[in-house]
Amino acid sequence: MKATDLSPGQLFDLTAKVAVVTGGARGLGRALSEGLAQAGADVVVASRKLENCRVAADEIERSTGRRALPLACHVGKWDDCRGLIDSVMEHFGRIDVFVNNAGMSPMYTSLVDLSEELYDKTFAVNLKGPFRLSCLAADQMAAAGGGSIINISSIGSQGGGGGGGGAARGAGVALPYACAKAGLNVLTVGLSQAYAPEVRVNAVLAGSFWTDASKHWPEGMVDRNRIPLGRVADPTEMVGTVTYLASDASSYTTGALLRVDGGVAARA
């Protein structure tokens, strides 16, 4: 049945689909894992710490009645990426939705003092891992006739994140993170072309959300006066956007960079 033949309710239904969410055990990923399950999908909760994945998966199964598989994966490691895809295929036999949500935005004192190790780790988690995972997942999806990849990017990818001047230039801001996420945006568009028409690939450019990571933000990092909606978002407010991109409701959407930022980009 074509998307044009479906009712609005059917368009967003993910029943019988398998969705993988990296960084799926907490924060934004935790909300997305449960939200996709509530839409009908069986979900794979993937993260570095298996015990956290198990706890999240158990909670999701109890609250939604869908199957939830916990899997350990360090997305910055090439072999772990292959292992994740192989494990999902072995358990479910298919991948319909893949959400590259795992990310990191470490703080540092100044740009000149940023270590090579921290720089490489930031790119490994935010760009190298999504590159490898997307290619592996897209191959499986294309062979099966279709699928959707959703990359969780950041509005910082379009704003630089370089900070102001002064003695410690760029102190505490996220320029390497922004650079990696900009690469993720390019990856999104490139893969949408490479794997069309079977696989759709889109990105969500997230603004400020209250998550575990936000607890470590320095004071004043988020200026609510710059957010037209006047607040930081709850992780559940990302669920609708990702469900749209995962479902037949977005059947003609690919290569898109969709902002969910409370209006920040419109004001910039």
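What follows draws every value from the coordinates through simple rules; no lab data is involved. Remember, it's a predicted structure, so these values are computed and weren't measured experimentally. Cβ placement follows ideal geometry from the backbone for every residue including glycine, while neighbour counts extend to all protein chains displayed.
Helices assigned as whole DSSP H runs in the chain whose Cα atoms extend at least 15 Å along their own long axis and whose mean Kyte-Doolittle hydropathy is -0.5 or higher are found at 27-38, 78-92, 129-144, 175-194.
Computed per residue of the chain from DSSP H runs no shorter than four, each worth -39500 (n - 2.57), the mean residue ellipticity at 222 nm is -11500 deg cm²/dmol. Dipole magnitude for the chain: computed about the Cα centre from +1 point charges on Lys and Arg Cβ and -1 point charges on Asp and Glu Cβ, it is near 400 debye.
DSSP beta bridges confined to the chain are antiparallel in about 0 percent of cases.
Listed by chain and number, the aspartates and glutamates placed with their C-alpha closer than 17 angstrom to that of residue 121 are 79, 80, 113; residues fewer than eight positions away on the same chain are left out. Mean silhouette area of the chain, derived from the convex hull of its C-alpha atoms and averaged over all directions, reads 14.2 nm². Applying 1/(1 + (r/R0)^6) with r as the Cβ-Cβ distance of residue 135 and residue 50 and R0 = 30 angstrom yields a FRET efficiency of 0.80. Straight Cα distances below 30 angstrom link residue 17 to the lysines 2, 49, 77, 128, 181, with same-chain residues fewer than 8 positions distant left out. As a rough footprinting exposure proxy, the listed residues 64, 15 were ranked by other beta carbons within 10 Å of their own, and the order from fewest upward is 15, 64. Counting every other Cβ atom within 10 Å of each residue's Cβ, 128, 181, 49, 121 order from fewest to most as 49, 121, 128, 181.
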